[in-house]
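Colleague: First the structure, then my questions, so here it is.
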Amino acid sequence: MPARTGAHRESHRHDRVGWLRAAVLGANDGIVSTTSLMIGVAAANADRPAILVAGLAGLVAGSASMALGEYVSVSSQKDTEEADIARESLELEATPDHELEELTGIYISRGLSPDLAARVAEELTAHDPLGAHLRDELGILEHTRARPRQAAVVSALAFAIGSVVPVLTMALLGVGATAATRVVVSALVALVLLGVLGTIGARLGGAPPRRAAIRVVVGGAIAMAASAGIGQLLGATVA
């Protein structure tokens with residue numbers, strides 16, 4: 001048999017799921033919500049300063065909202081995880097034999113023979129009983145644990161970054177731009193950004209990029225079209 005020249009290495013992306021989800025969600029929301037907000041104001045035939053104020057207000061308020069929302073939701077997940085860990089620790093102290101049998105049953109259900117499952121359970125329990133139960137009974141892994149502060153910071157920064165480009169786009173259009181020009185250019189820039197974001201997020205997560213890009217572009221287009229329609233209903237006509 002040929003000699004193995006090196007250890008087999010695999011590249012997995014599951015450990016990125018926490019911050020990647022917050023970053024993609026934040027940037028996507030920043031682009032869609034800020035652009036949609038400004039498009040709605042522009043479609044109502046507001047002047048350029050009013051549109052920019054709306055965009056900047058949306059950037060600040062949205063970043064704060066995303067940070068708070070992520071912190072609260074991920075903190076709830078963390079509280080649940082910590083409660084499960086505390087409960088499992090108490091059970092290991094109170095009924096270690098029962099917990100060993102429980103771990104053995106888990107390995108049997110996954111296809112090991114009873115004798116091998118018992119030996120695996122005994123060895124893992126001797127090494128790290130709580131870690132074995134968290135991983136194999138509860139599905140709690142260290143690299144996927146809930147991190148509220150990380151999620152809040154990443155989400156807020158991503159939202160702000162996503163919002164900056166549409167605000168700058170509207171600022172660079174100039175005083176003489178018509179309402180229609182502002183709406184169309186802002187929408188096109190946002191849709192391009194959403195396509196790029198969807199592709200990057202998919203590649204970082206190891207998913208098919210085309211499907212992710214189409215998903216975010218279509219969703220963003222619907223949101224912006226709805227905002228423009230509301231602006232028109234409020235009394236403006238976009239030529």
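Colleague: Output the relative contact order of region 120-225, whole-number percent, from Cα pairs under 8 angstrom with separation of 6+ residues. Before the final figure, lay out the partial values.
Modeller: Values: 46 pairs, mean separation 16.4, N = 106.
Value for region 120-225: 15 percent.
Colleague: Still on this model: Using a 1.4 Å probe, how large is the accessible area of Ile140, given in Å² and rounded to the nearest 10?
Modeller: 30
Colleague: Tally Lys/Arg at +1 and Asp/Glu at -1 over every other residue whose Cβ is under 10 Å from the Cβ of Ala202; what's the total? Intermediate values should be presented prior to the final figure.
Modeller: Values: positive: Arg203, Arg210, Arg211, Arg215; negative: none.
Taking every Cβ under 10 Å from that of Ala202, the sum is +4.
Colleague: If the elastic network links every pair of Cα atoms under 10 Å, which of Thr144, Thr178, Thr125 fluctuates the most in the Gaussian network model of the chain?
Modeller: For the chain, modelled as a Gaussian network with Cα springs under 10 Å, the answer is Thr125.
Colleague: Any chance you could get the radius of gyration and Dmax over the Cα atoms of the chain, in Å?
Modeller: Looking at the chain, its Cα Rg and Dmax stand at 25.4, 80 Å.
Colleague: If you don't mind, another one. On a 0 to 90° scale, report how tilted helix 17-43 is relative to the longest principal axis of the chain, with both axes built from alpha carbons and the result rounded to the nearest 10.
Modeller: 20
Colleague: Another question, then. In nm, what is the difference between 0.36 nm times the number of residues separating Leu168 and Asn45 and their Cα-Cα distance?
Modeller: Residue separation times 0.36 nm, minus the Cα-Cα distance, leaves 42.4 nm.
Colleague: For region 113-128, just list the computed ³J(HN,Hα) in residue order, Karplus coefficients 6.51, -1.76 and 1.60, θ = phi - 60°, integers in Hz, with x standing in for Gly and Pro.
Modeller: Ordered by residue, 3J(HN,Hα) equals 5, x, 5, 5, 4, 5, 5, 4, 4, 5, 5, 5, 5, 5, 7, 7 Hz.
Colleague: At what distance in nm do the modelled label points of Thr181 and Leu204 sit from each other, each positioned 7 Å from its Cα along Cα→Cβ?
Modeller: 3.5
Colleague: Given the options Arg215, Arg203, Arg135, state which has the largest fluctuation in a GNM of the chain using a 10 Å cut-off (strictly under) for Cα springs.
Modeller: Of Arg215, Arg203, Arg135, the most mobile in the Gaussian network model is Arg135.
Colleague: Between Gln77 and Glu122, 0.36 nm times their residue separation minus their Cα-Cα distance comes to what?
Modeller: Values: separation 45, 0.36 × 45 = 16.20 nm, distance 3.03 nm.
Roughly 13.2 nm would be gained on extension.
Colleague: So how far apart, in nm, are the two label points at Ala86 and Ser113 if each is 7 Å from Cα heading toward Cβ?
Modeller: Placing both labels 7 Å along Cα→Cβ, they lie 4.3 nm apart.
Colleague: Based on the alpha-carbon gyration tensor of region 166-238 and its eigenvalue square roots a ≥ b ≥ c, which shape applies: rounded if a/c is under 1.5, prolate if not and a/b is larger than b/c, or oblate? Mind showing how you got there, number by number?
Modeller: Details: a/c = 4.20, a/b = 1.92, b/c = 2.18.
It comes out oblate by the Cα gyration axes.
Colleague: Okay, next question. With all protein chains present and a 1.4 Å probe, how do Glu102, Glu93 order by accessible area, largest first?
Modeller: On the way: Glu102 60, Glu93 145 Å².
Heavy-atom accessible area, descending, gives Glu93, Glu102.
Colleague: Taking Cα atoms, how many degrees apart are the long axis of helix 179-205 and the longest axis of the chain, rounded to 10 and kept between 0 and 90?
Modeller: Once rounded, one gets 10 degrees.
Colleague: For the chain, what is the mean residue ellipticity at 222 nm derived from helices alone (per DSSP H run of n ≥ 4: -39500 (n - 2.57); sum divided by total residues; nearest 500 deg cm²/dmol)?
Modeller: Values: 8 runs with 184 residues, N = 239.
Mean residue ellipticity, 222 nm, calculated: -27000 deg cm²/dmol.
Colleague: Order the following by accessible area, largest value first: Ile161, Ile108. Probe radius 1.4 Å; ligands, DNA and RNA are ignored.
Modeller: In descending accessible area the options line up as Ile161, Ile108.
Colleague: May I ask you to evaluate 6.51 cos²θ - 1.76 cosθ + 1.60, the Karplus curve with θ = phi - 60°, for each residue of region 214-223 and list the ³J(HN,Hα) values in order in whole Hz, giving x for glycine and proline?
Modeller: 4, 4, 6, 5, 5, x, x, 4, 5, 4
Colleague: How much net charge surrounds Ala54 when only other residues with a Cβ under 15 Å from its Cβ are counted (Lys, Arg +1; Asp, Glu -1)? Let's see the in-between values first.
Modeller: On the way: positive: Arg48, Arg182; negative: Asp47.
Residues close to Ala54 contribute a combined charge of +1.
Colleague: Can you put Tyr71, Tyr107 in order of accessible area, largest first, using a 1.4 Å probe? Provide the component values of the computation, followed by the final result.
Modeller: Working: Tyr71 100, Tyr107 15 Å².
Of Tyr71, Tyr107, the descending order of accessible area is Tyr71, Tyr107.
Colleague: Where does the charge balance sit around Arg135 when Lys and Arg score +1, Asp and Glu -1, over other residues with C-beta under 10 Å from its C-beta? The partial results should precede the final answer.
Modeller: On the way: positive: none; negative: Asp128, Asp136, Glu137, Glu142.
Local net charge: -4.
Colleague: Mind ordering 86-92, 40-46, 59-65, 29-35 by average Cβ neighbours within 10 Å, highest first? Walk me through the intermediate numbers first.
Modeller: Values: 86-92: 13.7, 40-46: 23.3, 59-65: 17.1, 29-35: 26.9.
Highest-to-lowest ranking by the protection proxy: 29-35, 40-46, 59-65, 86-92.
Colleague: Heavy atoms only, probe 1.4 Å: what % of the accessible area of the chain goes to carbon and sulfur, would you let me know? Please list the in-between numbers first.
Modeller: Working: 8830 of 13770 Å².
The C+S portion of the solvent-accessible surface of the chain is 64 percent.
Colleague: Given the options Gly105, Gly26, Gly58, which has the most mean-square fluctuation in a GNM of the chain, springs set between C-alpha atoms less than 10 angstrom apart?
Modeller: The residue that fluctuates most here is Gly105.
Colleague: With a 1.4 Å probe and every protein chain left in place, tell me how much accessible area Met66 has, in Å² to the nearest 10.
Modeller: 30
The values are calculated or read from the model by the stated rules, or taken from the named source; none is laboratory data. As the structure is a prediction and not an experimental result, all values here were calculated from the model. Ideal geometry is used to build each Cβ from the backbone, glycine not excepted, and the neighbour counts take in all protein chains shown. Surface areas here come from the heavy atoms of the whole protein model, side chains and all, with no ligands, DNA or RNA. Shrake-Rupley method; radii C 1.70, N 1.55, O 1.52, S 1.80 Å.
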